[in-house]
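Asker: A single structure is presented below for examination.
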């Protein structure tokens, strides 16, 4: 019965539900609890760890309590601030089974999460962890995931602002598709996902808007809370929703118009709004009423459906896409129905689409579902949303890794593998890195995405470490009837920029779950700083294994602890960087008890007071000095260097993973970010790029590449003797210790500013007019290449790996 009806309950959980109800559950109730009590919906195993996270701060308008978090982008009076709304979700299992549809509906869900806060959606991003591209299956999944993201986001008319993509065999059977959407809303026009206090007394109506309900996505949340089993892939395809981005675009436009009407008439306090995601009708309705102690009377017969005679559990819990749920004061019901069904003609846009009243809010706290005159669910609303919780045990057993035996004399590298010594050079490793799927140009991914459709994208994906948009510069770009006449956007606020970036290196997770979490935070903070933005908030998606296995759950605990420590200890300008939104994705594991590497993927939102001052990574002029900020350390564990070297010498997986991964000093990270943002604000730097994957050498190369087919002919000449060190040349060039490379505009002022921050700033070379890439170590030439040749290698590496 559990498999037949896709009920995600264990026997002990079923007994717990029986105690809550004081009777055996109905079939519909069992299905409901299997979804609402899943890890995906209830966080029953993870919520105790999430309490470690910092979630409040000066600029936080709304923390991780609803579908999206909100951070202020302007600093006006309370209630009048403009907020950036961010949703961060996972769609991992659906994307592994049905890649196009899984990725597409992941985008659609995050977009609706943001819109349901009363916001206009102004951008999306994706953080992808895909297979190693060595088999037809992994290449197909990767290409279809990419196609699905573009195939949904582009028709919506929402720019893709970038993301982060890794390819690794650890994800061959369990890819990660983490989707992010961002929106904009003024603080006094936020709509919440819980009903107003009077809702039960006033008998608020519950209204379903959008596509007619069908079987697609039934059991999706429960499916996302189980390990993927290859033999059940065909069975699980039904748990993936079917996308219709053109209907969603119409829903967004019509809903934005309704926002304007509600605001103009003073009705925002008489509604609540929620996306139908995991759990369908039940999730969207019970989660609106339970927080306020209310109940609901829902008539499933009133739900508009596309298939006759759907069973009640499917109507209640199907995750059919492009649907949203309003609750509203009865005085507003007729207008909202007319707004969608007549003015915006939903039935004429898509067959069976419409707005329908399906129930009312009650004050007794009991959630009831009626079907064909019978009550098929009757339970306390809070028991449905909070009835299942676990204190599962954790056992921390991090694998002890060792540093590989590597020697480097001048340009020559030798790696000892058992009785065999592999010989290569720094230049050969560098060229191999440029063609590697993880370090070559990601343009074969984001070429499929519309990056500036609204017109507010200032810096696109691939041009620097974070994308930059100017949301208040041109409000006409996403307001149908023009700006609200009550809004006053000052010239200063119209210049505000928002920088957004995401990160999370999976190779670090194979060494330490804790430091993987720390580094995901520090890297995302450095990414937004590199364009000149001050970090203001974080979101996270926590992708881990089976919580029923103590070692897997311990990895989650350690990852969250790493994120919490980094967020609490890096106080930029005296302000901590809180986590305002996120998602937990568990059961990213296989029946043999193996799991993906601990994969905390973190997104940072930063603010520029004047977006016109933002810088890209591209070199701007020849004969300008280049500076390194941040000393190099012997920290190559989990690096791109070891990854490439391992593949060059055909060594078994993780033979050269290493152990000495970067361990950022929190106060140093703070001082570096403060220095970088001040230097950019004062116009002291022409370009900037943070040091991460590939170390100093790949950082310098990426600063030479063309942007939008412009530039790319300014060369670079570096001499490592400028650094005070006792490290090998390969370690200096490839260590991924956090830091930055800057192209100076005002050398003396830049050095003086670094001195005030007590930071080491090293002049390592200069740009040159000739398109050459040269690295010296004293009189020894370590790298000497023509830029055009290097660019060709880099531009084609991932293209060839994908088989495009």
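Asker: Scan (1) closer than 17 Å to residue 587 by Cα; (2) surrounded by fewer than 24 Cβ atoms within 10 Å (Cβ to Cβ); (3) touching a strand residue (DSSP E or B) at 6+ places or on another chain (Cβ under 7 Å) for the single condition residue 89 breaks and write down its number.
Answerer: Tallying (1) closer than 17 Å to residue 587 by Cα; (2) surrounded by fewer than 24 Cβ atoms within 10 Å (Cβ to Cβ); (3) touching a strand residue (DSSP E or B) at 6+ places or on another chain (Cβ under 7 Å), residue 89 fails exactly one: (2).
Asker: Considering only residues of segment 344-376 that are touching a residue at least 12 places away in the same chain (Cβ under 8 Å) and in a helix (DSSP H, G or I), which is surrounded by the most Cβ atoms within 10 Å (Cβ to Cβ)?
Answerer: The extreme case among them is 346.
Asker: Test residue 434 against the criterion of being assigned to a strand (DSSP E or B), in contact with a helix residue (DSSP H, G or I) (Cβ under 6 Å, 6 or more places away or on another chain) and either modelled with pLDDT of 95 or more or not assigned by TED's automatic domain parsing to the domain that holds residue 731 (or both), and give yes or no.
Answerer: Working: assigned to a strand (DSSP E or B): no; in contact with a helix residue (DSSP H, G or I) (Cβ under 6 Å, 6 or more places away or on another chain): yes; either modelled with pLDDT of 95 or more or not assigned by TED's automatic domain parsing to the domain that holds residue 731 (or both): yes.
Against the criterion (assigned to a strand (DSSP E or B), in contact with a helix residue (DSSP H, G or I) (Cβ under 6 Å, 6 or more places away or on another chain) and either modelled with pLDDT of 95 or more or not assigned by TED's automatic domain parsing to the domain that holds residue 731 (or both)), residue 434 does not qualify.
Asker: Can you give me the number of residues within segment 517-552 that are assigned to a loop (DSSP other than H, G, I, E, B) and either closer than 20 Å to residue 579 by Cα or out of contact with any strand residue (DSSP E or B) (no Cβ under 9 Å at 6 or more places or on another chain) (or both)?
Answerer: Residues of segment 517-552 that are assigned to a loop (DSSP other than H, G, I, E, B), as a first pass: 530-533, 544-549.
Narrowing further to those that are either closer than 20 Å to residue 579 by Cα or out of contact with any strand residue (DSSP E or B) (no Cβ under 9 Å at 6 or more places or on another chain) (or both): 533, 544, 547-548.
Matching residues across segment 517-552 total 4.
Asker: For the structure I just gave you, tell me whether residue 328 is within 16 Å of residue 112 (Cβ to Cβ) and touching a residue at least 12 places away in the same chain (Cβ under 8 Å).
Answerer: no
Asker: Considering only segment 553-575, how many residues are buried (at least 18 other Cβ atoms within 10 Å of the Cβ) and not in a helix (DSSP H, G or I)?
Answerer: Final tally of qualifying residues: 2.
Asker: So if I check each of 41, 45, which one is surrounded by 18 or more Cβ atoms within 10 Å (Cβ to Cβ), part of a helix (DSSP H, G or I) and either touching a strand residue (DSSP E or B) at 6+ places or on another chain (Cβ under 9 Å) or modelled with pLDDT under 85 (or both)? Before the answer, list the steps.
Answerer: Values: 45 fails: part of a helix (DSSP H, G or I).
Matching residue, one of 41, 45: 41.
Asker: Let me ask something else. Can you name every residue in segment 567-586 that is in contact with a helix residue (DSSP H, G or I) (Cβ under 7 Å, 6 or more places away or on another chain) and on the phi > 0 side of the Ramachandran plot?
Answerer: Of everything in segment 567-586, just one residue is in contact with a helix residue (DSSP H, G or I) (Cβ under 7 Å, 6 or more places away or on another chain) and on the phi > 0 side of the Ramachandran plot, namely 573.
Yes/no matrix, rows are residues, columns are (1) over 21 Å from residue 104 (Cβ atoms); (2) at pLDDT 95 or above; (3) assigned to a loop (DSSP other than H, G, I, E, B):
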position: 217; (1), (2), (3): no, no, yes
position: 227; (1), (2), (3): yes, no, yes
position: 251; (1), (2), (3): no, yes, no
position: 255; (1), (2), (3): no, yes, no
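Asker: Another one. For segment 389-410, indicate whether the set of residues that are closer than 30 Å to residue 199 by Cβ and either part of a strand (DSSP E or B) or out of contact with any strand residue (DSSP E or B) (no Cβ under 7 Å at 6 or more places or on another chain) (or both) is non-empty.
Answerer: Checking segment 389-410: at least one residue is closer than 30 Å to residue 199 by Cβ and either part of a strand (DSSP E or B) or out of contact with any strand residue (DSSP E or B) (no Cβ under 7 Å at 6 or more places or on another chain) (or both).
Asker: While we're on this one: Considering every residue within segment 120-132, establish whether at least one is crowded, with 24+ Cβ neighbours inside 10 Å, more than 16 Å from the chain's Cα centre (by Cα) and at pLDDT 95 or above.
Answerer: So far as segment 120-132 goes, no, none of its residues is crowded, with 24+ Cβ neighbours inside 10 Å, more than 16 Å from the chain's Cα centre (by Cα) and at pLDDT 95 or above.
Asker: So which residues in segment 386-413 are closer than 22 Å to residue 31 by Cα and crowded, with 20+ Cβ neighbours inside 10 Å?
Answerer: Scanning segment 386-413 gives 387, 388.
Asker: Can you tell me which condition residue 449 does not meet? The list is (1) in contact with a helix residue (DSSP H, G or I) (Cβ under 7 Å, 6 or more places away or on another chain); (2) part of a loop (DSSP other than H, G, I, E, B); (3) surrounded by fewer than 21 Cβ atoms within 10 Å (Cβ to Cβ), and all the others hold.
Answerer: (3)
The values are calculated or read from the model by the stated rules, or taken from the named source; none is laboratory data. Small disclaimer: the values here were computed from a predicted structure and weren't measured. Every residue, glycine as well, gets a Cβ built from its backbone with ideal geometry; the counts of neighbours run over all protein chains shown.
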